[in-house]
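The values are calculated or read from the model by the stated rules, or taken from the named source; none is laboratory data. Please read these numbers as outputs of a predicted model, since none were measured by experiment. All Cβ positions, even for glycine, are placed from backbone atoms using ideal geometry, and neighbour counts span all protein chains on display. Calculation scope for accessible area: heavy atoms of the full protein, side chains included, ligands and nucleic acids excluded. Shrake-Rupley method; radii C 1.70, N 1.55, O 1.52, S 1.80 Å.
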Amino acid sequence: GSVPAYDVPIAPTPHPLVEVLGVILSPLGPRGVENVTVALGFLALSACGWVIYRLGALWFGRAAGALAALLFLTRVPVLSYGVRAYVDIPYLLLVLSALLVESRRPRAGAPVLILLAFAGLLRPEAWAFSGLYLVYVLELLPWLRPKGERALWWRPARSRGEVTRLILIAASAPVLWIVSDWLVTGQPLWSLTN
C-alpha cells in the first residue's frame with residue numbers, strides 16, 4: 001500500500017517490471033515474495049541456458065550450442081546473479097530471446113521489439129537495442145536493405161500503420177519507465193539522474 005522509498009541513501013534503481021512483480025507478489029508476505037523471486041531467478045537462469053543452446057545450435061550446430069550453454073551455466077558470476085535473483089539474468093534472457101526470434105525469422109519486427117520492450121523495463125540499455133533494431137527493421141539506411149531493393153531512406157519498406165505500431169512498441173519501455181519514476185518519486189527522470 002505504499003510506494004518504494006527511493007530517497008534513502010544508496011537507494012536501488014527502480015525497475016518498473018520488478019516493481020509490478022512486487023505489487024503482484026506482495027500479498028504473499030516478505031518470505032513468500034523472496035521464495036517466488038528466487039524461484040523465478042532460477043527459472044530465468046535455466047531459460048538463459050536453453051536460449052544460449054538454441055542460438056549456438058542454430059548458428060554453429062548442436063555441439064556448439066551445448067558447449068555454449070554449459071560454459072554459461074558454469075560461470076560463477078552468472079550463477080551468483082541467478083541465485084541472488086538479480087534483474088540482469090531476466091534482462092539477458094529477454095535480450096537473447098529477441099536475438100533468437102530474429103535469428104529464426106529475419107526482420108521479425110514486433111515480436112523482437114516486444115521482448116526488447118520488456119527488457120527495457122528491467123534495464124534502460126535495451127532502449128538503445130530497440131532503437132537500433134527499429135532502424136534495421138524499417139530499413140531506414142540504404143546499406144541495411146536487402147540487395148537489389150531501391151527505396152529512399154525516408155520511405156520505409158513497411159506500411160505507415162506498421163511503422164507506427166513498431167515505433168510505439170519501441171518507445172513503450174522508456175515512456176513506461178518515465179511514467180513509473182514520475183508516479184513513485186515525482187520526478188520523471190529520477191532513474192536517469194540519481
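Given (1) open to solvent by less than 30 Å² (accessible area, probe 1.4 Å); (2) farther than 20 Å from Ala119 by Cβ, identify the lone condition not met by Pro9. The failed condition is (1).
Of Gly22, Gly61, all but one fail to be open to solvent by less than 40 Å² (accessible area, probe 1.4 Å) and at positive phi; the exception is Gly61. Contact map, the range 99-111: residues that are at positive phi paired with residues that are among the β-branched types (Val, Ile, Thr) and open to solvent by less than 40 Å² (accessible area, probe 1.4 Å), Cβ distance under 9 Å, separation 6+ or inter-chain. Pairs shown: Arg107/Val137; Gly109/Val137; Gly109/Ile169. Restricting attention to the range 21-38, does a residue exist that is in contact with a Gly (Cβ under 6 Å, 6 or more places away or on another chain) and under 28 Å from Ser191 (Cα atoms)? Looking through the range 21-38, none of the residues is in contact with a Gly (Cβ under 6 Å, 6 or more places away or on another chain) and under 28 Å from Ser191 (Cα atoms).
Across the range 111-141, the number of residues qualifying as over 16 Å from Leu17 (Cα atoms), open to solvent by 10 Å² or more (accessible area, probe 1.4 Å) and assigned to a helix (DSSP H, G or I) comes to 9.
Just to be sure, is Arg104 modelled with pLDDT of 95 or more and loosely packed, with under 13 Cβ neighbours inside 10 Å? When the stated conditions are applied, Arg104 passes them.
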